[in-house]
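The values are calculated or read from the model by the stated rules, or taken from the named source; none is laboratory data. It should be emphasised that the depicted structure is a prediction, and the values quoted were computed from it without experimental measurement. Here the Cβ is made from the backbone with ideal geometry for all residues, glycine too, and neighbour counts use every protein chain on show. Areas reflect the complete protein model, heavy atoms only, side chains present, ligands, DNA and RNA absent. Shrake-Rupley method; radii C 1.70, N 1.55, O 1.52, S 1.80 Å.
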Amino acid sequence: MKRVCDVVFASVGLIVLLPVFLLTSCIIKISEPRGTVFFAQKRIGKNEKPFTMYKFRTMKMNAENDLQSLLDQNEMDGAMFKIKKDPRVTKFGSFLRKTSIDELPQLINVLKGEMTLVGPRPPLPREVATYTSYEKLRLNAIPGCTGLWQVSGRNDLSFEEMVDLDLTYINQSCLLLDFKIMLKTVLILLVSRNGY
């Protein structure tokens with residue numbers, strides 16, 4: 001049933017949001033004609049299986065090459081890396097992140113079965129390389145576009161709290177909980193602008 005819901009909601013979402021996809025793509029292309037519209041990144045899915053995750057590009061081209069010089073500015077603990085004023089992010093990219101529009105192409109990953117609508121966020125290979133055996137337990141489920149920790153504090157949580165919430169979700173997973181998380185996600189996106 002979870003897979004059926006994923007396919008139905010992702011398909012409807014892609015159709016309904018097609019104007020948003022087209023407009024976003026045009027603005028990204030106009031702002032940086034030689035740049036790509038989408039950003040494809042290797043992530044780790046269920047049972048440590050790698051896959052390519054899609055997002056709208058929010059950073060300047062070749063931004064990954066500048067990551068090493070920014071690691072000392074990391075504002076997250078544990079394996080995750082995030083900084084509020086990342087110099088690699090474009091002006092329009094900042095808007096896309098705050099509204100989470102940059103995440104919409106992940107509906108394609110959902111249709112492909114690599115992701116689900118609700119589940120733990122898919123980590124990067126370099127993050128998984130530092131995981132403890134406890135933290136690796138979050139890889140026992142298909143990764144999701146949104147999850148319990150995103151509606152329970154988002155960027156205000158520590159990495160340890162994120163892991164605990166992911167494991168809580170995995171242990172309590174059911175369609176009712178999924179619907180509650182999806183509803184909370186929509187409400188948060190409508191009233192909050194704390195994404196980065």
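Heavy-atom accessible surface of the chain, averaged per residue, reaches 55 Å², computed with a 1.4 Å probe.
Highest mobility in the GNM of the chain, judged by mean-square fluctuation with C-alpha springs under 10 Å and restricted to PRO105, PRO120, PRO19, is found for PRO19. At 222 nm, what helix-only mean residue ellipticity would the chain give, in deg cm²/dmol to the nearest 500, using -39500 (n - 2.57) for each DSSP H run of four or more? One gets -12500 deg cm²/dmol as the mean residue ellipticity at 222 nm. FRET efficiency for the pair LEU187 and VAL7, taken as 1/(1 + (r/R0)^6) with r the Cβ-Cβ distance and R0 = 25 Å, rounds to 0.55.
Computed on protein heavy atoms with a 1.4 Å probe, the accessible areas place LEU183, LEU124 in the order LEU183, LEU124, largest first.
Annotation for region 122-166 versus region 1-61: alpha-carbon center distance of 20 Å. Classify the chain as rounded, prolate or oblate, taking a ≥ b ≥ c as the square roots of the eigenvalues of its Cα gyration tensor: rounded when a/c is under 1.5, otherwise prolate if a/b is larger than b/c and oblate if not. Oblate, because a/c is 1.5 or more while a/b does not exceed b/c.
Taken along the Cα-to-beta-carbon direction at a fixed 7 Å, the label points for LYS136 and PHE38 span 3.1 nm.
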